[in-house]
Amino acid sequence: MSVLRRVRPASRSRSLRLGSAGLTALLLLSACAYAEDGSVGTGPDSGGSSQSGADELKTDIDTSIRTSESYWESFFESQGGQFTPVQGVIPYDEEGDGDCGGEPFVLNNAFFCPVGNFIAYDQNFIAGQYQAIGDAFVYYLIGHEYAHAVQDLLGIQHRLTIQHELQADCMAGAYLGDSVRADVLAVEEGDIDELLTSLATVGDQPGIPWFAEGAHGTGQQRTQAFAQGYEGTQGNGSALASCLSS
Ligand SMILES: [Zn+2]
């Protein structure tokens with residue numbers, strides 16, 4: 001499974017295009033996925049196939065980083081700005097393997113560190129989610145963390161954590177949706193389910209108030225934010241522009 005696994009030349013692309021009908025389906029699916037008890041919806045049946053080895057994971061991580069950087073570089077160019085990529089994407093597997101501004105790395109996490117301008121991730125965590133959900137998780141996760149780097153470049157700040165996080169989800173959606181529309185990435189069977197499961201998985205646990213420090217949003221809120229960006233151009237403005245104005 002996994003949707004966005006391969007980057008194909010445009011002339012040979014067999015991308016599944018998600019038009020407005022696709023988006024509607026995405027939103028309907030998201031509503032269904034959380035309607036009953038807030039738990040993660042039905043998992044993908046194709047997640048973590050026997051072929052999903054460490055090599056494939058590494059390829060997906062590398063591809064998601066590369067396509068994120070080319071997406072944001074194009075965006076900055078279109079705005080007459082200068083894009084600066086993160087200085088590194090650092091895997092770690094033990095607590096305290098490194099630190100961000102003096103805060104030691106913690107397990108089961110991935111984050112952008114503005115102090116050193118790098119992304120770091122617990123490689124066992126990402127491998128576990130890759131196995132359980134599928135490769136689309138990687139594209140979502142890297143897309144989200146790279147969005148934080150871009151927020152930093154643009155000097156975007158929010159009063160509430162949740163606003164910053166949902167904007168990053170929207171930007172991750174724009175990166176993936178626009179990359180699919182540009183035939184840079186291809187959606188494969190199962191990927192949309194994987195994305196929905198990813199978004200549900202990273203949603204806050206019930207009981208966390210939206211205004212709490214560190215709140216990221218419920219799975220449903222995160223799915224809606226992602227879908228806003230993934231949807232693409234609507235009316236006069238691009239989805240990315242709508243992300244950046246929120
Ligand atoms: Zn975040």
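The values are calculated or read from the model by the stated rules, or taken from the named source; none is laboratory data. This structure is a prediction, so every number in the text was calculated from the model and none was measured. Methodologically, a virtual Cβ is constructed for each residue, glycine included, from the backbone with ideal geometry; neighbour enumeration extends over all protein chains shown.
Could you check, for the range 190-203, whether at least one of its residues is part of a loop (DSSP other than H, G, I, E, B) and of a type in the set (Gly, Ala, Ser)? There is at least one residue in the range 190-203 that is part of a loop (DSSP other than H, G, I, E, B) and of a type in the set (Gly, Ala, Ser). Meeting the requirement of 1 or more residues that are loosely packed, with under 15 Cβ neighbours inside 10 Å, at pLDDT 95 or above and within 19 Å of the chain's Cα centre (by Cα), the strands (runs of 3 or more DSSP E) wholly within the range 56-133 are 88-92. The residues in the range 108-144 that are under 14 Å from Val202 (Cα atoms) and within 16 Å of the ligand (Cβ to nearest atom) can be counted, and the count is 15. Kindly evaluate Glu188 against the criterion of being crowded, with 22+ Cβ neighbours inside 10 Å and touching a residue at least 40 places away in the same chain (Cβ under 8 Å). It is false that Glu188 is crowded, with 22+ Cβ neighbours inside 10 Å and touching a residue at least 40 places away in the same chain (Cβ under 8 Å). Contact map, the range 220-246: first residue closer than 12 Å to Gly143 by Cβ, second residue in a loop (DSSP other than H, G, I, E, B) and modelled with pLDDT under 90, Cβ cut-off under 8 Å, separation 6 or more or different chains; pairs are Tyr230/Leu18. Looking only at residues of the range 194-220 that are out of contact with any Phe, Trp or Tyr (no Cβ under 7 Å at 6 or more places or on another chain) and surrounded by 24 or more Cβ atoms within 10 Å (Cβ to Cβ), we find that the one that is nearest to Gly134 (Cα to Cα) is Thr197. From the list Asp183, Asp193, the lone residue that is at pLDDT 95 or above, farther than 19 Å from Asn108 by Cβ and among the charged types (D, E, K, R) is Asp193.
Only one entry of His216, His158, His148 meets the criterion of being under 14 Å from the mean Cα position of the chain (by Cα), within 16 Å of the ligand (Cβ to nearest atom) and not in a helix (DSSP H, G or I), and that entry is His216. Any residue that is crowded, with 22+ Cβ neighbours inside 10 Å, in contact with a Ser or Thr (Cβ under 9 Å, 6 or more places away or on another chain) and farther than 17 Å from Gly229 by Cβ - is there at least one of those in the range 138-159? Within the range 138-159, one or more residues are crowded, with 22+ Cβ neighbours inside 10 Å, in contact with a Ser or Thr (Cβ under 9 Å, 6 or more places away or on another chain) and farther than 17 Å from Gly229 by Cβ.
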